[in-house]
1. Tell me the carbon and sulfur percent of the accessible area for the chain, rounded to whole percent, probe radius 1.4 Å.
2. As a test question: what accessible area, to the nearest 10 Å², does Lys59 have when a 1.4 Å probe is rolled over all protein chains in place?
3. Restricting to Cα pairs below 8 Å that are 6+ residues apart, what does the relative contact order work out to for the chain? Please round to a whole percent.
4. Please give the calculated 222 nm ellipticity per residue for the chain, where each DSSP H segment of at least 4 residues contributes -39500 (n - 2.57) and the sum is spread over every residue; nearest 500 deg cm²/dmol?
5. Tell me which DSSP H helices of the chain clear both cut-offs, 24 Å or more of axial length from alpha-carbon atoms and a mean Kyte-Doolittle hydropathy of at least -1.0.
6. With every protein chain left in place, what is the accessible area per residue of the chain in square angstrom, probe 1.4 Å?
7. Once the chain is represented by equal point scatterers at the alpha-carbon sites, with solvent omitted, what log10 I(q)/I(0) does the Debye formula produce at q = 0.10, 0.18, 0.19 Å⁻¹?
8. Please calculate the 1.4 Å probe accessible area of Ser127, with all protein chains present, and give it to the nearest 10 Å².
Amino acid sequence: ILTGERLAQGLDAVAGLRIEVFRAYPYLYEGSLDYERRYLTKLAEAPGAVIVVARDGDKIVGAATGLPLSVEHDEFKAPFLAQGFDIATIFYCAESVLSAAYRGPGLGHAFFDAREAQARRLGLTRSTFCAVVRAVDDPRRPADYRPLDGFWTKRQYRPQKGLVTTYRWTEIGNPAETEQTLQFWMRDL
């Protein structure tokens, strides 16, 4: 768990990892280190937030973040409020990023376990995250791409009908930010 000085020391590594992982399909994110530093610093300062890392020796090879939905950006709260959810009871698993060479042995489960434990410590009763929506026939989709739906379903998360939002980011090869659609998945804790 990174907080305080440990977060400051690991900030650039986590920021770089986010850029590396989100550059791949389906996010196709063209990130910047400055944006990532600001984002992670703000997230770490949010009440109830958690940043969990996986290391191979001193090298950070994975990271997962989360915070109470009530302190997240309005774009993420709005769909829940519009559908009458009590956002004070929901924990938002913001992202999980893991270097490709470390996928498979269970670190993804460890990330969710740590964030769900944080949610329970805070007395929250639901956990949610969102994933970018791409067309099945998107020409940018690699032939070997495997969606994570099965993994999320095993963890008892389900996509929530009509619970979507939009968020803007710069995609690879596009000089301007574009609006992206994100689908929320949720489970009871």
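The values are calculated or read from the model by the stated rules, or taken from the named source; none is laboratory data. Computed from a predicted structure; not experimentally measured. SASA here: full protein model, heavy atoms, side chains in, ligands and nucleic acids out. Shrake-Rupley method; radii C 1.70, N 1.55, O 1.52, S 1.80 Å.
1. Ligands and nucleic acids excluded, carbon and sulfur give 52 percent.
2. Counting only protein heavy atoms, the figure is 120 Å².
3. It rounds to 21 percent for the chain.
4. Mean residue ellipticity at 222 nm (helix-derived): -10500 deg cm²/dmol.
5. 4-23
6. 53 Å²
7. -0.39, -1.44, -1.62
8. Accessible area of Ser127: about 0 Å².
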